[in-house]
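Contents: one structure, followed by commentary.
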């Protein structure tokens, strides 16, 4: 099952985040991730999906799972309004506020995170988790 790709188009209805979580869990389990790693993957995917649902006005978005020899890439792609990444505030953990922790959580749980966002084009986030790598 090396280098397989699974692609899903998901409604931005919040009820379907659980479908993406289940798919993530099943794919990660088949690859050989531990229960703790699978939980991290599911939290990161949930945060990324929630960001699409909260910050875009699109009807659907794409989730792509790329199975690697040594891990998993998960990409979330939307064609929403996008944003200027330089304008996003850094998280102040000494003075946390409600919301705004999604990207911080994703970056904390995954081994690699790449985000591209262009205003009026959309956002692409690629999250990578490697087998047996503790962060």
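Couple of notes before you dig in:
This table checks each residue for (1) surrounded by 14 or more Cβ atoms within 10 Å (Cβ to Cβ); (2) within 16 Å of the chain's Cα centre (by Cα); (3) farther than 17 Å from residue 107 by Cβ.
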position	(1), (2), (3)
22	no, yes, yes
36	no, no, yes
51	yes, yes, no
73	yes, yes, no
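- Matching entry among 29, 60, 3, 13 (being surrounded by fewer than 20 Cβ atoms within 10 Å (Cβ to Cβ) and on the phi > 0 side of the Ramachandran plot): 3
- Qualifying residue in segment 58-75 (condition: in a loop (DSSP other than H, G, I, E, B) and modelled with pLDDT under 90): yes
- Complete set of residues in segment 29-50 that are free of Cβ contacts under 8 Å to residues at least 60 places away in the same chain, closer than 27 Å to residue 117 by Cβ and in contact with a helix residue (DSSP H, G or I) (Cβ under 6 Å, 6 or more places away or on another chain): 42, 46, 47, 49
The values are calculated or read from the model by the stated rules, or taken from the named source; none is laboratory data. Keep in mind it's a predicted model, so treat the numbers as computed, not measured. Ideal geometry is used to build each Cβ from the backbone, glycine not excepted, and the neighbour counts take in all protein chains shown.
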